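Trainee: Pasting a structure below so you can have a look.
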Amino acid sequence: MARQNTFSKGTEKIFFFREFLRNWRAVGSVMPSSRFLASAMLKSIDFDHAKLLVEFGPGSGSITRRLLARMRPDAHLIVFETSEDFCKTLKALGDPRLEVYRTSALSATDVVRAGSADCVFSGIPLANLSSRERALLVRTAKKLLTPHGVFIQFQYSLDSYKDMKAAFTDVDLGFTFLNAPPAFVYRCRQTLDAAQKMSCV
Ligand SMILES: C[S@@+](CC[C@H](N)C(=O)[O-])C[C@H]1O[C@@H](n2cnc3c(N)ncnc32)[C@H](O)[C@@H]1O
C-alpha cells in the first residue's frame, strides 16, 4: 500500500531547507509549497478522466502527494527531479502509479511521448533559469500535452507571464496569498481557433 507521506511533522520543512542550502538556485524557495498553493495548482483538473500526469520539480512531494491522492487508480504520474535526495523521498512514497526520473525536466520529451499528457505541473523556479532555458521548459511542457491538456506553473512574481502568453493561446492567472512567499499560478491551454476547427471537420 502506498504511503501518503514519508515525513513526520515538521521534518519536511527542515529537509527542504537543507536542500535549499545545498543548491539554492535549483530549489528556489526555502520551504515546500503550502497546502493552499497545492490546492490552487490542482484546481479545475478533471481527475476522473486524467490518465497521464507529469510534474517538473516535485521537490519533497507537497504537490505530488496531493496528485496521487486524487488520481484514478489506473492513472500514471511521471516526475522529473534533479535532486538525488528529493528523488529518494519520492520513491519512498511507494506508489506504483508514480515514476520518478532523476533528470532535468528540460529533457522530459526523451521519456514522455509527445501529445500524451493530460496535465503538466511545474514548480521549477523560472526566475533562476536563463531566458533560453525558460523558453525550452515552456515548449517542452506544451509538446507533452494532449490538444486539450493544461500546463500549470507557479511563480512568486509575474515575470514569466509573457513567456506563457507567447506559447499558449489561453493563460489564466491565479494567486495564493497563503504560501511563503505568496505565489501566482499560471494555467495555460491551447485552444483551437475557428480556422483550425473548420479544417478539422
Ligand atoms: C521551488 S521547488 C518546488 C518543489 C515542490 N514542487 C513544491 O511545490 O514544494 C523547485 C524544485 O525544482 C527542482 N528543479 C530545479 N530545476 C529542475 C530541472 N531542470 N528539472 C527537474 N527539477 C528541477 C528542484 O530540485 C526543486 O525540487
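Trainee: Kindly evaluate VAL100 against the criterion of being within 14 Å of the ligand (Cβ to nearest atom), surrounded by 14 or more Cβ atoms within 10 Å (Cβ to Cβ), within 19 Å of LEU145 (Cβ to Cβ) and under 18 Å from the mean Cα position of the chain (by Cα). Reasoning before the result, please.
Mentor: Details: within 14 Å of the ligand (Cβ to nearest atom): yes; surrounded by 14 or more Cβ atoms within 10 Å (Cβ to Cβ): yes; within 19 Å of LEU145 (Cβ to Cβ): no; under 18 Å from the mean Cα position of the chain (by Cα): yes.
Considered against the rule, which asks whether it is within 14 Å of the ligand (Cβ to nearest atom), surrounded by 14 or more Cβ atoms within 10 Å (Cβ to Cβ), within 19 Å of LEU145 (Cβ to Cβ) and under 18 Å from the mean Cα position of the chain (by Cα), VAL100 comes out as no.
Trainee: Please give the number of the condition ALA127 fails out of (1) within 15 Å of the ligand (Cβ to nearest atom); (2) of a type outside the set (Asp, Glu); (3) touching a Leu at 6+ places or on another chain (Cβ under 9 Å).
Mentor: Against the list (1) within 15 Å of the ligand (Cβ to nearest atom); (2) of a type outside the set (Asp, Glu); (3) touching a Leu at 6+ places or on another chain (Cβ under 9 Å), ALA127 comes up short only on (3).
Trainee: I'd like to verify a number: residues in the stretch 12-30 that are surrounded by fewer than 18 Cβ atoms within 10 Å (Cβ to Cβ) and part of a loop (DSSP other than H, G, I, E, B), how many?
Mentor: Summing the residues that are surrounded by fewer than 18 Cβ atoms within 10 Å (Cβ to Cβ) and part of a loop (DSSP other than H, G, I, E, B) in the stretch 12-30 gives 2.
Trainee: Would you pick out the residues in the stretch 103-113 that are surrounded by fewer than 17 Cβ atoms within 10 Å (Cβ to Cβ) and within 8 Å of the ligand (Cβ to nearest atom)?
Mentor: Taking the stretch 103-113 and keeping what is surrounded by fewer than 17 Cβ atoms within 10 Å (Cβ to Cβ), we get 103, 107, 109-111, 113.
Correct list: THR103 only.
Trainee: A further question follows. Mind listing just one residue for me: the one in the stretch 39-65 that is in a helix (DSSP H, G or I) and either near the ligand (Cβ under 7 Å from one of its atoms) or of a type outside the set (A, V, I, L, M, F, W, C) (or both) and, of those, farthest from ALA108 (Cα to Cα)?
Mentor: This residue is SER39.
Trainee: Looking only at residues that are under 18 Å from the mean Cα position of the chain (by Cα) and among the basic types (Lys, Arg) in the stretch 3-46, which one is farthest from GLY174 (Cα to Cα)?
Mentor: Applying the filter and picking the extreme gives ARG25.
Trainee: If you go through the stretch 65-81, how many residues are surrounded by fewer than 18 Cβ atoms within 10 Å (Cβ to Cβ) and touching a residue at least 40 places away in the same chain (Cβ under 8 Å)?
Mentor: Selection size over the stretch 65-81: 1.
Trainee: For the stretch 78-91, how many residues are more than 9 Å from the ligand (Cβ to nearest atom) and under 14 Å from GLY123 (Cβ atoms)?
Mentor: 1
Any read-out appearing in this document is the output of simple, stated calculations on the displayed coordinates, not a laboratory observation. The shown structure was predicted, so the numbers you read here are calculated from the model rather than taken from an experiment. We place every Cβ from the backbone using ideal geometry, glycine too, and count neighbours over all the protein chains shown.
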